[in-house]
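K.L.:
Structure provided below as structure tokens; questions to follow.
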Amino acid sequence: MAENCHEVYQEMTGQTAIGISVDKLEPPFASASYKTAIVIPYENKEESFEGRFVLGFNDEHMAVKLARAIAEHTGMPAVDRMDDMATDILAEFMNTVAGKVITEWDQFGMTADFLPPEFVTDLSFDDRRPGNLFIHSITLLLSGKEKVTILTSLEETAKSPLKGKKVLVVDDSRMIRFLLAKEFEKQGCQVIQAENGMDGFIRHKADQPDLIIMDLIMPKMGGLEAIARIREVSPSVPIIILTSTSKKKEVIVAAGLKVKGYVKKPIQMDRLQQLAESCFK
């Protein structure tokens, strides 16, 4: 990575970097942030992990200085601030470095699929996010004690078994539907909403979801009746029940309908996510 930054810097600026230093940043990473960067998501389907590769600058002055040097070397208009011209120049620099890095990873046997890069500003990290996060600061040493510092990070997490799944949320509460849609969309799911059991049955027939989250007490048609009708056409689709109570009769009926489990209200999202993931493991 450092050698790629060094090589591309010299090619694009015409200047010589007389040395390189690399420092690994240690957690907590809450203070680590990018003023400008490119983010390249990647996914390894064979080994079930995914992540993102980030390259950029945590100092706007440093970013502008690099953009100015590239502009001068290529005969472009002068750059003195972070404007559209500077952004385009920096995006090209970072894309070129990232392209070299990805090519090397492929040669080393990293069989990951990379998505198109996204140019972002003001990116920060959450230390509470699960997975592995490695952040390094690469400093190119120039003549006259000048330097250019580039920040790079590699973030890797286990691929969620929910990613790409279609989830039907059936609840008469707009708030519950909103909260669950937000949570499952974060996991990469497509979320379909229904406000009662009848609507849920209709949406199930139309959309064929991979997972159903079903409230019990709803107008027009309750959850147990809706599940019974769904089971007539989809015997195996996983169904999780949301409930404010756990009446013995409801539990017996639900068991006969082969539901995957129950989540009591108020909903504990961690419990719901674990139960939902277990449906696909």
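K.L.:
What number of residues within segment 73-91 satisfy the criterion of being in a helix (DSSP H, G or I) and in contact (Cβ under 8 Å) with a residue 24 or more places away in the chain?
P.N.:
5
Yes/no per residue for (1) touching a Phe, Trp or Tyr at 6+ places or on another chain (Cβ under 7 Å); (2) loosely packed, with under 13 Cβ neighbours inside 10 Å; (3) part of a strand (DSSP E or B); (4) not assigned by TED's automatic domain parsing to the domain that holds R174:
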site: I213; (1), (2), (3), (4): no, no, yes, no
site: E225; (1), (2), (3), (4): no, no, no, no
site: I230; (1), (2), (3), (4): yes, no, no, no
site: I241; (1), (2), (3), (4): yes, no, yes, no
site: T245; (1), (2), (3), (4): no, yes, no, no
site: Y262; (1), (2), (3), (4): no, no, yes, no
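K.L.:
Ok, one more. Considering only residues of segment 12-40 that are of a type in the set (D, E, K, R) and touching a residue at least 24 places away in the same chain (Cβ under 8 Å), which is nearest to L123 (Cα to Cα)?
P.N.:
For segment 12-40, the residue satisfying everything is K35.
K.L.:
What is the residue count in segment 4-45 for residues that are in a strand (DSSP E or B) and of a type in the set (F, W, Y)?
P.N.:
Adding up the residues that qualify gives 2.
K.L.:
Could you give me the residue pairs with C-beta distances under 6 Å whose first residue belongs to segment 267-281 and is in the same structural domain as M175 (by TED's automatic domain parsing), whose second residue is buried (at least 16 other Cβ atoms within 10 Å of the Cβ) and assigned to a helix (DSSP H, G or I) wherever it lies, and which are 6+ apart or on separate chains?
P.N.:
Cβ pairs passing all conditions: M269/E183.
K.L.:
Which of the residues spanning segment 127-153 are modelled with pLDDT under 85 and either surrounded by 15 or more Cβ atoms within 10 Å (Cβ to Cβ) or in contact with a Phe, Trp or Tyr (Cβ under 8 Å, 6 or more places away or on another chain) (or both)?
P.N.:
If the condition is that a residue be modelled with pLDDT under 85 and either surrounded by 15 or more Cβ atoms within 10 Å (Cβ to Cβ) or in contact with a Phe, Trp or Tyr (Cβ under 8 Å, 6 or more places away or on another chain) (or both), then D127, L133 are the ones that fit.
K.L.:
Please tell me if P209 is within 22 Å of E277 (Cβ to Cβ), in a loop (DSSP other than H, G, I, E, B), at pLDDT 95 or above and assigned by TED's automatic domain parsing to the domain that holds M175.
P.N.:
Here the answer is yes, as P209 does meet what is asked.
K.L.:
Which number in (1) more than 25 Å from M110 (Cα to Cα); (2) surrounded by 14 or more Cβ atoms within 10 Å (Cβ to Cβ); (3) under 23 Å from the mean Cα position of the chain (by Cα) marks the one condition that P27 misses?
P.N.:
Against the list (1) more than 25 Å from M110 (Cα to Cα); (2) surrounded by 14 or more Cβ atoms within 10 Å (Cβ to Cβ); (3) under 23 Å from the mean Cα position of the chain (by Cα), P27 comes up short only on (2).
K.L.:
Just checking, which of L123, L142, L211, L154 is of a type in the set (A, V, I, L, M) and farther than 30 Å from R68 by Cα?
P.N.:
Selected residue: L211, the only one of L123, L142, L211, L154 that is of a type in the set (A, V, I, L, M) and farther than 30 Å from R68 by Cα.
K.L.:
Could you pull out the residue among F178, F184 that is surrounded by fewer than 20 Cβ atoms within 10 Å (Cβ to Cβ) and either assigned to a helix (DSSP H, G or I) or at pLDDT 95 or above (or both)?
P.N.:
When all the criteria are applied, what remains is F178.
K.L.:
Tell me, yes or no, whether segment 104-112 has at least one residue that is in contact with a helix residue (DSSP H, G or I) (Cβ under 8 Å, 6 or more places away or on another chain) and either surrounded by fewer than 18 Cβ atoms within 10 Å (Cβ to Cβ) or farther than 20 Å from A32 by Cβ (or both).
P.N.:
yes
K.L.:
Take the conditions of a type in the set (A, V, I, L, M, F, W, C), surrounded by 15 or more Cβ atoms within 10 Å (Cβ to Cβ) and within 16 Å of L140 (Cβ to Cβ) and apply them to M62. Does it pass?
P.N.:
So M62 passes the test.
Each row is one residue, and each column tells you yes or no for (1) in contact with a strand residue (DSSP E or B) (Cβ under 9 Å, 6 or more places away or on another chain); (2) within 23 Å of L162 (Cα to Cα); (3) free of Cβ contacts under 8 Å to residues at least 24 places away in the same chain.
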{"site": "A228", "(1), (2), (3)": "no, no, no"}
{"site": "S236", "(1), (2), (3)": "no, yes, yes"}
{"site": "S244", "(1), (2), (3)": "yes, no, no"}
{"site": "V251", "(1), (2), (3)": "yes, no, yes"}
{"site": "A255", "(1), (2), (3)": "no, no, yes"}
{"site": "K260", "(1), (2), (3)": "yes, yes, yes"}
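The values are calculated or read from the model by the stated rules, or taken from the named source; none is laboratory data. All values reported here derive from a predicted model rather than from experimental measurement. When we count neighbours, we look across all protein chains shown, and the Cβ atoms used for this are built from the backbone with ideal geometry, even at glycine.
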